[in-house]
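Below: one structure, written as structure tokens.
The values are calculated or read from the model by the stated rules, or taken from the named source; none is laboratory data. On a predicted model such as this, the values are computed, not experimentally measured, just so you know. Cβ: placed from backbone, ideal geometry, glycine included. Neighbour counts: every protein chain shown. What goes into the accessible areas is simple: the full protein's heavy atoms, side chains included, and nothing from ligands, DNA or RNA. Shrake-Rupley method; radii C 1.70, N 1.55, O 1.52, S 1.80 Å.
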Amino acid sequence: MKIRFLMVIFMILLAQTSFAVTISNLYRAEITLPLIDSEKKLINKAFKQAIEEVLIKVSGNQDGVLAVLPAAQKSAASWVAQHSITTETNLMEIDGEFFPVKRVVVDFYAQSINDYLFSKRLAVWGANRPSLLLWIVEQDDFLREVSGAQSPSDLLNLVAKDAVLKGLPIYAPLQDELDKQAVTASDLWGLFEEPVIEASRRYQTDVAGVLKVNKILDEYEANLMVLMPDEEPITLFVQGLDQEDIAEQVNAALAKLFSARYAAVRGQGAAKITMRIDNVTDYKGLDQIQTYLANIAVVRDVYLNSIKADQVSFSLVLDGGLNKLNNAIALDSVIERIELDALDPEVNLVQAYRYSGVNNE
């Protein structure tokens with residue numbers, strides 16, 4: 001089933017014209033706990049775990065969240081929009097005793113979560129997130145193996161499971177004959193950019209990455225290379241006692257990297273820009289553009305300035321600057337950046353875009 005699921009995902013990705021993924025249930029957490037004490041205590045414990053998971057998922061900054069977590073856990077109950085409790089069919093053994101297992105689904109108010117993160121100068125990362133194709137190569141006793149949808153490994157499954165908790169759209173290559181011809185285990189182990197880039201093109205994700213993991217005695221060492229479009233490779237190094245530790249650290253590093261690139265942060269000075277968008281010919285397009293801009297994480301406010309023929313002008317207030325806005329827009333196909341002629345009277349006054357007419361919803 002896991003292989004089939006991954007293959008379906010890839011078919012969807014290949015059929016689209018833009019590849020960012022909208023993360024659903026960003027402000028929801030599902031917590032499974034044994035009913036050891038009263039249900040009231042179980043709910044309180046579930047709220048504390050749920051607020052940690054949601055804050056990390058929304059912010060993308062695990063270290064930053066853990067530093068301010070105690071205060072958030074005290075307020076968590078007041079931020080809950082709704083919760084539900086169901087009994088699982090299995091029992092959990094603890095110290096020789098068996099206890100019923102409860103699953104608690106918690107939904108938080110988005111505004112409460114966002115306001116808390118902003119108050120702590122932490123990022124708020126929107127639901128529209130870059131898709132990442134991750135090649136994994138592992139070495140144990142000098143034997144190297146590459147994992148993929150057709151040859152999943154324990155590490156791949158651990159990365160995938162933790163990525164869901166952190167709101168990361170991570171996909172594995174099929175690792176079929178085409179992949180094996182395009183990029184070898186030696187290419188991946190050497191972190192050679194060109195064959196990885198070429199082999200990744202068929203999947204058309206926003207970002208490609210390579211994770212090489214080496215088991216040395218009882219410890220694991222991992223190097224992560226992230227290949228952003230038109231940028232120098234980013235490399236990171238982590239160590240862990242087991243594969244689960246490596247998976248969690250790698251995903252935390254990826255989330256922090258992407259959050260720094262796409263998420264909004266208050267208190268660092270708001271930028272104000274004027275955006276001109278051409279080729280807007282009807283109200284439907286205007287409405288789509290305005291809704292789209294308002295949903296970008298770094299956009300705090302959107303104001304419609306004017307409509308002239310097929311040109312629409314907006315004023316935007318940003319939390320995070322123009323670069324982050326451009327990074328976010330590059331994930332979609334709703335509007336496209338255009339370069340104005342040097343003689344255009346607005347060349348130094350506006351950020352110019354063209355409406356593509358592509359509806360990604």
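Do we have Asp287 as open to solvent by 20 Å² or more (accessible area, probe 1.4 Å), more than 26 Å from Gln62 (Cβ to Cβ), acidic (Asp, Glu) and free of Cβ contacts under 8 Å to residues at least 40 places away in the same chain here? Answer is yes for this residue. In this structure, Glu53 does satisfy being touching a strand residue (DSSP E or B) at 6+ places or on another chain (Cβ under 6 Å) and under 30 Å from Val265 (Cα atoms).
Only residues that are surrounded by 21 or more Cβ atoms within 10 Å (Cβ to Cβ) and hydroxyl-bearing (Ser, Thr, Tyr) were counted across the range 137-152, and they come to 1. Of all the listed residues (Leu227, Leu178), the sole one being out of contact with any Phe, Trp or Tyr (no Cβ under 7 Å at 6 or more places or on another chain), among the aliphatic types (A, V, I, L, M) and surrounded by fewer than 17 Cβ atoms within 10 Å (Cβ to Cβ) is Leu178. Among the conditions (1) open to solvent by 30 Å² or more (accessible area, probe 1.4 Å); (2) at pLDDT below 95; (3) outside any loop (DSSP other than H, G, I, E, B), the only one that Asp37 does not satisfy is (3).
The single condition among (1) under 24 Å from Arg121 (Cα atoms); (2) surrounded by fewer than 13 Cβ atoms within 10 Å (Cβ to Cβ); (3) among the small types (Gly, Ala, Ser) that Ala342 does not satisfy is (1). When Ala208, Ala185 are checked against the criterion of being open to solvent by less than 40 Å² (accessible area, probe 1.4 Å) and more than 20 Å from Gln139 (Cα to Cα), a single residue qualifies: Ala208.
Taken residue by residue, the range 153-172 has no member that is buried (at least 16 other Cβ atoms within 10 Å of the Cβ), modelled with pLDDT under 95 and either out of contact with any helix residue (DSSP H, G or I) (no Cβ under 9 Å at 6 or more places or on another chain) or under 30 Å from Lys324 (Cα atoms) (or both). Assessment of the range 301-308 against the conditions (in a strand (DSSP E or B) and crowded, with 17+ Cβ neighbours inside 10 Å) yields at least one matching residue.
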